[in-house]
């Protein structure tokens, strides 16, 4: 076990974890909501330090990140646990499991960097479950990755307090943040969390110049109505701008929402139309079979053509269209 950061004593037999907005008060022998930060004799420990349960080499497009080193490989790590309890979780086998319930590898931060180099990965992605709950391991690995010229990616629900966020994201190059709905009741009912901390995370990451892309999973009857989508898009444009990529992805029945129908292409295209009319330049539809194309907002030329998670063709030159329009992103 690794002693955790961001906690303090709270009474005689409790500690308070201040890593995420839950600010859990954890009694002796118990863990926080995330299931992986454990109070033993008044010291808070991480139970998942150096214990990734999912390790893969993925295309960066799988995160999804479409404007960050397209076509590159990312060494991807995930553990058990999560600080949200989403009824629709697509990776629930990991996120709802506790340490010891799933086979895990033992990988030091040095191992991760060595393997990322061995597999010719341009980045390390902290993904599959919420990486913020593994703060100590992610921070240590990210610092060492940068020392070897490897970039760092967070695929995150954005549910983290400001002080640890700022410490960690000094070493993070890109993040895909899951904005689950623009509705606090949705967050409370479906995710057992709140909306405002996620919005705060997004604005801080924008301020810190971390490359951001945002994903909204469109769930029929839960967050798919046009009014909710318009509210999300309006906030997005005001705080993140029209140049930030926005992904609307299709829901497939999973976990505790197996009775909810999958998202229709009509619903996704309705969300796309709302974002397009609001001026967002880079809108993508995910979890569908159609190709995904990045187009120049100036001349309309196809710049990056993707099939699934693979780049089929790119017409970018030093981050610019042939017409001279600069396309925002991080390009190799």
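The values are calculated or read from the model by the stated rules, or taken from the named source; none is laboratory data. Predicted model, so just to flag it, every value in this text is computed and none were measured. A quick note on method: Cβ atoms are made from the backbone with ideal geometry, for glycine too, and the neighbour counts reach across all protein chains shown.
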Problem set entry | Residue tally, condition outside any loop (DSSP other than H, G, I, E, B) and either free of Cβ contacts under 8 Å to residues at least 60 places away in the same chain or surrounded by 15 or more Cβ atoms within 10 Å (Cβ to Cβ) (or both), over the stretch 310-332 | 8
For this session: Kindly indicate which of 245, 253, 197 is surrounded by fewer than 16 Cβ atoms within 10 Å (Cβ to Cβ) and outside the structural domain of residue 34 (by TED's automatic domain parsing).
Result: 253
Exercise. Can you tell which of 332, 301, 306 is modelled with pLDDT under 95 and outside the structural domain of residue 192 (by TED's automatic domain parsing)?
Worked result: 332
Seminar exercise, completed: (1) within 21 Å of residue 90 (Cβ to Cβ); (2) in contact with a strand residue (DSSP E or B) (Cβ under 8 Å, 6 or more places away or on another chain); (3) outside any loop (DSSP other than H, G, I, E, B); (4) touching a residue at least 40 places away in the same chain (Cβ under 8 Å) all hold for residue 224 apart from (3)
For this session: Select, from 5, 16, the only residue that is at pLDDT 95 or above and either in contact with a helix residue (DSSP H, G or I) (Cβ under 8 Å, 6 or more places away or on another chain) or assigned by TED's automatic domain parsing to the domain that holds residue 142 (or both).
Result: 5
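The rows are residues; the columns are (1) modelled with pLDDT under 95; (2) under 16 Å from the mean Cα position of the chain (by Cα); (3) within 27 Å of residue 309 (Cα to Cα).
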residue	(1), (2), (3)
227	no, no, no
248	no, yes, yes
253	no, no, yes
257	no, no, yes
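What strands (runs of 3 or more DSSP E), lying completely within the stretch 228-309, carry at least 1 residues that are without any contact (Cβ under 8 Å) to a residue 12 or more places away in the chain? I'd like the intermediate steps shown before the answer.
On the way: elements: 246-250, 283-286, 292-295, 302-307.
Of the strands (runs of 3 or more DSSP E) lying wholly inside the stretch 228-309, those with at least 1 residues that are without any contact (Cβ under 8 Å) to a residue 12 or more places away in the chain span 292-295.
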Exercise. Within the stretch 25-36, which residues are surrounded by 23 or more Cβ atoms within 10 Å (Cβ to Cβ) and out of contact with any helix residue (DSSP H, G or I) (no Cβ under 7 Å at 6 or more places or on another chain)?
Worked result: 32
Problem set entry | Index of the failed condition, residue 19 passing every other in (1) touching a strand residue (DSSP E or B) at 6+ places or on another chain (Cβ under 6 Å); (2) crowded, with 22+ Cβ neighbours inside 10 Å | (1)
